[in-house]
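Step one of this worksheet: look at the structure below.
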Amino acid sequence: MSKAFHLKILAIEKTFYDGYATALNFQAFDGSYQVLASHEPVVMAVKEGVMRFRVRDEEGKEIVRTGVNGLGLVNITRDMVLVLVDSIEAPEDIDRARAEAALKRAMEQLRQDQSIQEYEQSKASMARAMLRLSEAGNPFDGFGDK
């Protein structure tokens, strides 16, 4: 059985998870990372993406929880991982109609003349909407098993 560590995932408006986990996968700006118990201490930026973490249910069986996250920061110590993100939502909480509308808006904005900053914001909005839509119906657990 895998060793557990305390994991706390906080967004601006809510606590997404506060408990024990055996693994955490997230996206950083230089690639994907996996954190296990007794990881070397480090602080790094978290990129928008899908965060997956393994937890034990009431019977002790490991299950995977998932969240579509925004930008943030992760602070890893030997016995605790603290994740601070601007937003995170579980796939089952994603409003598909809202995500589809956001994708259409972003695509329309990309067709218009924009400043470089507006263009980058539109690209980010489009990527975020596509990620939310793809994750809302994706059973892949991110750990190599289903």
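Throughout, read-outs are computed from the coordinates displayed, never taken from laboratory work. All values reported here derive from a predicted model rather than from experimental measurement. Glycine gets a Cβ as well: all are built from the backbone with ideal geometry, and neighbour counts include every protein chain shown.
Please compute the net charge surrounding Met107, taking Lys and Arg as +1 and Asp and Glu as -1 over other residues with Cβ under 12 Å from its Cβ.
+2
Please tell me the relative contact order of the chain in percent, rounded to the nearest whole number, where contacts are Cα pairs under 8 Å and at least six residues apart.
Relative contact order for the chain comes out at 20 percent.
Roughly speaking, what is the stretch gain from Met80 to His6, that is 0.36 nm per residue apart minus the C-alpha to C-alpha distance, in nm to one decimal?
Length gained, Met80 through His6: 26.2 nm.
What shape does region 31-146 take by its C-alpha gyration tensor, where a ≥ b ≥ c are the square roots of the eigenvalues and a/c under 1.5 counts as rounded, a/b above b/c as prolate, and the rest as oblate?
Taking the square roots of the gyration eigenvalues as a ≥ b ≥ c, region 31-146 is oblate.
P(r) for region 92-136, please, calculated from all Cα pair distances in 10 Å bins and given in %.
All Cα pairs, binned at 10 Å, distribute as 32, 48, 18, 2 percent.
Counting only GluC sites (Glu not before Pro) that sit in a DSSP loop (anything but H, G, I, E, B) with at most 13 other Cβ atoms within 10 Å, what is the longest stretch of the chain containing none of them?
Value returned for the longest uninterrupted segment is 60-146.
At 0.36 nm per residue, minus the direct Cα-Cα distance, what do Ser134 and Ile116 gain on full extension? Give it in nm, one decimal, please.
Net length gain for the segment: 3.8 nm.
How long are the three semi-axes of the equivalent ellipsoid for region 1-97, computed from the Cα gyration tensor as the root of 5 times each eigenvalue, in whole Å, largest first?
Computed over region 1-97, the values are 20, 17, 11 Å.
Could you point to the residue in Ser125, Ala136, Met107 farthest towards the positive end of region 92-136's charge dipole, with +1 and -1 charges on the Cβ of Lys/Arg and Asp/Glu respectively?
Met107
First measure r as the distance between the Cβ atoms of Tyr20 and Lys47, then evaluate 1/(1 + (r/R0)^6) with R0 = 30 Å and state the FRET efficiency to the nearest 0.05.
So, using R0 = 30 Å, E works out to roughly 0.75.
Given the -39500 (n - 2.57) contribution per DSSP H run of 4+ residues, what per-residue ellipticity at 222 nm results for the chain, rounded to the nearest 500 deg cm²/dmol?
-8500 deg cm²/dmol
Just need the relative contact order of region 5-91 here, percent rounded to a whole number, with Cα pairs under 8 Å and 6+ apart.
In percent, rounded to a whole number, it is 32.
Can you give the FRET efficiency to the nearest 0.05 for Lys123 and Ala90, using r as the Cβ-Cβ distance and R₀ = 30 Å?
My answer for the efficiency is 0.75.
Quickly work out the Ser32-to-Leu73 label distance, labels modelled 7 Å from Cα along the C-beta direction, and quote it in nm with one decimal.
2.6 nm
Quick one: Karplus J couplings for region 112-120, per residue in order, coefficients 6.51, -1.76, 1.60, θ = phi - 60°, nearest Hz, x for Gly and Pro?
Karplus values, whole Hz, x for Gly and Pro: 8, 5, 9, 6, 4, 5, 5, 4, 5.
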